[in-house]
Amino acid sequence: MQKSIDNITVSGLLPLVFRGMEATDRISNSNVWLVPELVFGKGCRVCIQAESGSGKTSLLNFIFGARRDYVGDIRFNGQDIRNLSINDWCRVRQFNIAMLPQELNLFPELTVMQNLRLKNNITNHKSESQIMDMLERLGIKEKADVRVEFLSVGQQQRVALIRSICQPFDFIMLDEPVSHLDLKNNVIIARMIEEEATAQGAGIISTSVGNPLLLANARQITL
């Protein structure tokens, strides 16, 4: 695996659960499923709009290597990701692709800072003061030592967002990152993500069912 992922290419992709549905409007009108080639270049700004159940979470999980129940090809710099080793994937997830899952995957029994340190201690990407600054920026600095189980879903979403950028990346993928947030926090988060991605020369791929991350000049793709 090369040190940098400069492009992610999707070709003829279709979740196995959608096999037999190729002639339906859901698939034939899609700008992702079964297209000959869809390229996400490093530095891209993309928002994927989709109805619930259309497969947007599946798409991100396929790219992240968390699921393999699809037909078609996904390639990093031309290399089929099915050929990546376990060590390759460990490196990809530590240095190349950051992920904010819809489920958030926080540890409820740990505090906010303990959750963030779990990630940052692996990458050493952010200083403690930088993490505190991000918490303050998102209005949850006073929650730093509170267990995650006592936070609202919107507060947990903000913690998970900070965790996702506590690493170097060529691409960051965010699955409905602002679904439980108001306009003010959407704007703040979009700015934070764009600042971090710009600093790293990285691409942003975000999904939405109607409350998109407010990225500037993002390419809109209908799944």
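Values in this text are rule-based calculations from the coordinates and carry no lab data. No experiment lies behind these values; they were computed from the predicted model shown. Reconstructed Cβ throughout: ideal geometry from the backbone, glycine too, with neighbour counts over all protein chains shown.
Side notes on the structure shown:
- Signed unit charges on C-beta, dipole axis of the range 7-222, positive-most listed residue Leu181, Pro212, Met113: Met113
- For the chain, the C-alpha radius of gyration divided by 2.2 N^0.38 Å, with N the number of residues, is 1.01.
- Unit charges at the beta carbon, dipole of the chain: most positive-side option, Ser129, Gly72, Gly41: Ser129
- The range 159-174 and the range 1-20 have their alpha-carbon centroids 20 Å apart.
- Square roots of five times the Cα gyration tensor eigenvalues for the range 136-180, Å: 20, 13, 9
- Estimated 222 nm signal from helices in the chain, with DSSP H stretches of n ≥ 4 weighted -39500 (n - 2.57), rounded to 500: -9000 deg cm²/dmol
- Alpha-carbon centroid distance for the pair the range 106-153 / the range 32-88, whole angstrom: 29 Å
- Cα-based shape type of the range 97-138, given that a ≥ b ≥ c are square roots of the gyration tensor eigenvalues and the cut on a/c is 1.5: rounded
- Protection proxy ranking, highest mean first, for peptides 64-70, 173-179, 25-31: 173-179, 64-70, 25-31, where packing is the per-residue count of other beta-carbon atoms within 10 Å, averaged.
- Site pair Lys141 and Leu16 shows an inter-label distance of 5.0 nm when each label is modelled 7 Å from Cα along Cα→Cβ.
- Placing unit charges on the Cβ atoms only, positive for Lys and Arg and negative for Asp and Glu, gives the chain a dipole magnitude near 260 debye about its Cα centre.
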